[in-house]
Each structure stands twice: as C-alpha cells, then as structure tokens.
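Contents: one structure, followed by commentary.
The values are calculated or read from the model by the stated rules, or taken from the named source; none is laboratory data. Quick caveat: nothing in here was measured; it's all calculated off a predicted structure. Counting neighbours? That spans all protein chains shown, and the Cβs are built from the backbone with ideal geometry, glycine included. Please note that ligands, DNA and RNA were not included when accessible areas were found on the heavy atoms of the full protein model with its side chains. Shrake-Rupley method; radii C 1.70, N 1.55, O 1.52, S 1.80 Å.
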Amino acid sequence: MTSKPTHTTCKPLLLALSLASAALLTACDKAPAEKNAKPAPQTAITAAAANSAPAAAETPNITTEDMGNLARAMHGAASQQPDDAPKDKYGQPYIIGNLGGVPVNLPSSVVSLVEYDDSPGWDPEKLRTYNPPTRSYQSVITSFGFYFFNSDAQLLDNNDPALRERDDKDWGIDGSTSDKVGVHILFEPQYPPKFKNLDSWLARRMDKARVEPPYPDHANYFEKTAETLYGLEVYINPGTDSKTGKPWRKHENAKDLFIGRDSEGHVQTLIECSNKPVPSAPCVQYFVFPPPMSIEINADYGRSQLSQWQSIQRNAIQFLTNFQDHRGRI
C-alpha cells in the first residue's frame, strides 16, 4: 500500500480528526463535494480515538505537525511489517498481528486505520515521539475498519480501479440505493470481550434508571412493541413529546431498535436505526462474533439495507474469517 491514504480511508479519518480541530479537515486530499455527499461511517479506530481524546476545550496546542503525526500513525501500519511478511496479490506485505487471540493477515489495500496496542492514540506528546516496532503475529491489533458491497459480497479494494469507480457511483442521488457496508473492529486487551450474547446491551437500553430527566429521553430509552420486521423484534422510544403532541418515535432524533435472538432467546444481533425522515438514515448493527476470535464488531449502512441484515452479518463474519492466518503462527 502506498503511503498516501486512499479516498476511502480518508473518510473515517476526517470524522475522527474533526473532533480535535476544524483544520484537520484538510488532512486528506479530497474534493469538498465528495465530503458533503458521503457521510463517513465511524470506524472502530475513530470511536476508540474519540473516547480517549480530551474535550475540545482541553486540547492543548494541537499543531499542523501534530495532525501530520496523527495521520501517519493512523495510516502507517503497512510500513511496520517485517521483510518476511506474507504478500498480497499486489506483492505488498499484509498487515500482520494478533486479533482477539487469532493471527491475521490484513490486506493493506482493503483495511484502514489499523491500530496496535502500543499506538499513541490522541496523545500529542506520544505522537511526536512515536517510533513503532516491526510487527509480528504477537503484535496485538486493537482496531481497524473495512468496507464491502453486500449484494455480491465484494470487498472494497482500493487498488482496484473498477471497485473504486463502483464506490464513487454507489451512493446515488440520495443514498437510498447504496450497497456499501462499513465494518468496524475493536479489541481492548484490558477488557477482552467474554460475552456470548448481547442480553445486557438490550437491558441497558430498557433501563429507566439510566435515563436522565426529563423522561422519556427519546434517544436512549426503548420499550418492546408487538411489531416484528424482517424477523427482528422492534423496540421504540416510547411516549409523547409534550411540546408537539407527537410520539417520541417520530422525533428527528429518535431511533428504532431491532433485536435478533438465538433459539434459546438470547440476543445475538442488536441494530439501532435513526428515524430521521431521509432515505439514507443510518443503522448500526452489533452482533456476536463466533469463536475463536474474541472481538467487538459492528457494521453500519443505510436504513434501506435493513432487510439485508442477515447477509450483512454473514458476509462480515466471512471476510474476517478469511483474514485469519491459518498456518497457526502466533
């Protein structure tokens, strides 16, 4: 992979960097029209960085040099690989490491924003002195993202001109015809995910005690309905907005929650979808990743793709399974 970020990998980077400074919007060389046309899905690396970033008011003297250091750290994984790393079909070294206890080979033309457990995150001082080691299959990968087209289970490979052209045309006029899915991976070594279901995730969203007044908080509290959609249980923001007399569910900031369970009734899939009255309202799908890889995973896409939630989940799992190094090196 070249050192220059592709147009696709720039999208989540821009979203992350904008949290620190408006000047960061120039971190990737991208036409303004495309920035406005396509929202950048939040990758796991973006979420992790945002969680560790200081509040904007507390961010100390972020310089242009710091922004360059951050961009290099976020896009530099391909340059950290050993000389004997296995090569992809372009002759470029795979990004190697340990992901959730499993050795993986990540194609540098497909994945973006790879972080290891020693990556500097948002710390300007660490970024200024960051000197990453040569990676191995013992190097713990903590986050990265990639995209795929769901209709034909095709990874978005940024070295393939036809796929890049397909990506440029995918969004359509209003986003309602998009076929692309963003997949985001997170592994926190200090808190390795042990869950076999998402029961507690649903319970938290149905817990009135965590909703701050005034109640109901239309964005954070859900109740189950008698509805089902695409084989999923439907949960909504209950109640009525006293100011408008309309159900909270119709508020522009409201969400619907969709739940998929296994044969024993445990939550295996949890999908949050925006209720904004636009064709491209976003959904984020969380699901349990099968053993032996212990990771947190989610996928984001437009609400018009909700009916495809099963194939989206199946394809995401298959891609990550294919990334595993099956030669047993760890």
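What the table shows:
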| read-out | value |
| --- | --- |
| Estimated distance in nm for a label pair at Val234 and Arg314, the labels positioned 7 Å out from Cα along Cα-to-Cβ | 2.4 |
| Karplus-derived HN-Hα couplings along segment 301-317 (A = 6.51, B = -1.76, C = 1.60, θ = phi - 60°), whole Hz, x at Gly and Pro | 6, x, 4, 5, 9, 4, 4, 9, 4, 5, 5, 4, 5, 5, 5, 4, 5 |
| Computed label-point distance, nm, for sites Ser307 and Asp118 using a 7 Å Cα→Cβ extension | 5.0 |
| For segment 91-103, Karplus couplings with θ = phi - 60° (6.51, -1.76, 1.60), whole Hz, Gly/Pro x | x, 8, x, 5, 7, 9, x, 10, 10, x, x, 10, x |
| Fraction of accessible area attributable to carbon and sulfur, segment 52-150 (%, probe 1.4 Å) | 48 |
| Added length on full extension, which subtracts the Cα-Cα distance from 0.36 nm per residue, Arg210 to Thr177 | 8.2 nm |
| Nonlocal amide H pairs with Val114, under 5 Å, H built at 1.01 Å | Ala77 |
| J(HN,Hα) series, segment 269-274, from Karplus relation 6.51 cos²θ - 1.76 cosθ + 1.60, nearest Hz, glycine and proline x | 9, 9, 10, 9, 10, 5 |
| Distance between modelled label sites at Asn322 and Lys276, nm, 7 Å Cα→Cβ extension | 3.1 |
| Packing-based ranking, highest mean first, of 270-282, 102-114 given that Cβ atoms within 10 Å are counted | 102-114, 270-282 |
| Highest average packing first - 258-266, 283-291, 178-186, 73-81, Cβ atoms within 10 Å | 178-186, 73-81, 283-291, 258-266 |
| Set Lys89/Lys276; Lys87/Lys169; Lys194/Lys224; Lys196/Lys243; Lys89/Lys180; Lys169/Lys196 screened for pairs whose C-alpha atoms are more than 32 Å apart | Lys89/Lys276; Lys196/Lys243; Lys169/Lys196 |
